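Here the structure comes first, spelled out in structure tokens, and everything after it is commentary.
The values are calculated or read from the model by the stated rules, or taken from the named source; none is laboratory data. Not measured: the values here are computed from a predicted model. With ideal geometry, Cβ positions are generated from the backbone for all residues, glycine too; neighbour counts draw on all protein chains shown. All accessible areas refer to the heavy atoms of the entire protein, side chains included, with ligands and DNA or RNA removed. Shrake-Rupley method; radii C 1.70, N 1.55, O 1.52, S 1.80 Å.
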Amino acid sequence: MGRNRNKTSKTPIEPSVCQQQSCYEGERLLTMLKSLQREIELAKLSNRVLPEKIWFKQQFSIGVNEVTRVLERMTPCSEMGGASAQQPLANPSKLQLPSVRLQAILVASDSNPRWLTKHLPSLASSRKVPLIFVKDKKGGSLRLGELVKLKTAIAIGIKARENGINQLVEEILHGKEVNLGTDCQELGGVSDAIVE
């Protein structure tokens, strides 16, 4: 009986992880999604050359597997700092920067089973990529899917492309567009996805 007690206790969320993520629901979520949808439409109109599906692939990493793949290819921040401090820039071939960097990751808090996204907070934190959790009565994965013209999407990584979408995400992350006052621990179920 004593062994089962340890399994039911929850691991506390690290403050550094919680500081780099936001939780959106209700009116706050709708405002953010409408703003993102508007910027996506404006960006698509400015580039009419590519088919829509290819354009989305250039702007976003769609799905847990693709987001994980991009994060794993990014250099962890501790390695970047250590490599630049120890090694001069004389040999640039050893300091390969990833071709794709994620600015932020939108994660649906209603993923089932929860272990699908359980690895994302720690992986994103090691790469200094902020997480934005989406919770909605309709379903966060349905809301995220609407952004990228799919039925559902559990995770969407926003690639750093220095366009209008990235400017809006930067404003959201700094609290200029949307109030970031909600604590991610207030949302029931979201803390389960954060705990390792």
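Here are a few things to note about the model shown:
- Count - residues of the range 151-176 that are part of a loop (DSSP other than H, G, I, E, B), in contact (Cβ under 8 Å) with a residue 24 or more places away in the chain and within 20 Å of LEU42 (Cβ to Cβ): 3
- Looking only at the range 48-72, and only at residues there that are free of Cβ contacts under 8 Å to residues at least 24 places away in the same chain and outside any helix (DSSP H, G or I), the one that is least open to solvent (accessible area, probe 1.4 Å): LEU50
- LEU123 being surrounded by fewer than 19 Cβ atoms within 10 Å (Cβ to Cβ) and under 11 Å from the mean Cα position of the chain (by Cα): yes
- Residue in the range 96-119 that is part of a loop (DSSP other than H, G, I, E, B), at pLDDT 90 or above and over 15 Å from ALA155 (Cβ atoms) present: yes
One line per residue, one yes/no per condition, for (1) farther than 18 Å from GLU162 by Cα; (2) of a type outside the set (Asp, Glu); (3) at pLDDT below 90:
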site: GLU14; (1), (2), (3): yes, no, yes
site: CYS18; (1), (2), (3): yes, yes, yes
site: GLY26; (1), (2), (3): yes, yes, yes
site: LEU29; (1), (2), (3): yes, yes, yes
site: LYS34; (1), (2), (3): yes, yes, no
site: GLU41; (1), (2), (3): no, no, no
site: PHE56; (1), (2), (3): no, yes, no
site: VAL64; (1), (2), (3): yes, yes, no
site: VAL67; (1), (2), (3): yes, yes, no
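- Members of the range 94-139 found to be of a type outside the set (Lys, Arg) and without any contact (Cβ under 8 Å) to a residue 40 or more places away in the chain, listed by number: LEU95, GLN96, LEU97, PRO98, SER99, ASN112, PRO113, TRP115, GLY139
- Note on the range 171-192: among residues that are at pLDDT 85 or above and surrounded by fewer than 16 Cβ atoms within 10 Å (Cβ to Cβ), the one that is farthest from MET32 (Cα to Cα) is HIS174.
- The number of residues in the range 51-79 that are over 17 Å from LEU106 (Cα atoms) and among the β-branched types (Val, Ile, Thr) comes to 2.
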